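J.: This structure is in structure tokens; I'll ask about it shortly.
Quick note: the coordinates plus some simple rules give every number you see, no bench work behind them. This one's a predicted model, so the numbers in the text were calculated from it and none came from an experiment.
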């Protein structure tokens, strides 16, 4: 990601944080933003994979008619391939961009209930597969019923619609192997809004400069790692930094007591699992 793209990403994230500021603590709106960004990442990855599977037929994933017999047949086949390869599945109508378009900051278009169901569907699509443990309860901290989002359902819906609308402007550029928008967004949000969060509970954030030095030390002369382990992983910043220093890590291991922070670590590391058979274990 170039410097200009990075500045644009940071500006979008800052604008969203300003919308949420005052409604909740900094670490809380950081978690909301990261959760939605991860949902967007999963959506774009699903659309890209679906397009590749459908390329020979000359159609795109979004063009599939979910209500037709042909569309349903396509989706059944794509779901099987997707859960095996990516570890999860999203229908075209469940993709982030489609929900963001429906909301678009308009209170007349109510999206909260559908959004909650879609996040549950992501987890449910993994049941019975090797990725089930990776995705279980992954979005449980995205509480769209919280009064911190607004006193009424209409107010909550308006706020979330605006957040999704802004996030939809971010391009993950999945075809660029050098691009890591999710990681860049995470590091920016962590750096901006975590420095003072959690200290009363004995939680501390490791500065990025320290993480970079440690990661470079343990990966010197290596392009692949069989496993990486952080006994006090927190939200996964050091695991993320190690993942960025090498081409592939087969297994990530970490320990974290706080459930919210545990889920953040999984969100951050999941994109670095090259196949659904790779593993992340945070306990």
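J.: For the chain, what size does the Cα cloud have along each of its three principal axes, sorted from largest down, in whole Å?
T.: 54, 45, 38
J.: Let me ask you something else. In deg cm²/dmol, rounded to 500, what helix-only [θ] at 222 nm does the chain give when every DSSP H run of at least 4 residues adds -39500 (n - 2.57) and the total is split over its residues?
T.: Calculated mean residue ellipticity at 222 nm is -17000 deg cm²/dmol.
J.: What residue among 244, 226, 101 has the largest mean-square fluctuation in a Gaussian network model of the chain, using Cα springs under 10 Å?
T.: Maximum among the listed residues: 226.
J.: Oh, and also: How far, in nm, would the chain grow between residue 210 and residue 66 when pulled straight, counting 0.36 nm per residue and subtracting the alpha carbon separation?
T.: Answer, rounded to one decimal: 47.0 nm.
J.: Right, something else. Roughly what % of DSSP beta bridges within the chain run antiparallel, to the nearest 5?
T.: The antiparallel proportion sits near 0 percent.
J.: OK, next. Relative to the compact globular guide of 2.2 N^0.38 Å, what is the alpha carbon radius of gyration of the stretch 42-115, as a ratio?
T.: Cα Rg divided by the expected 2.2 N^0.38 Å: 1.17.
J.: Also: Evaluate Rg over Rh across the stretch 10-75, taking Cα atoms for both radii and Kirkwood's formula for Rh.
T.: 1.23
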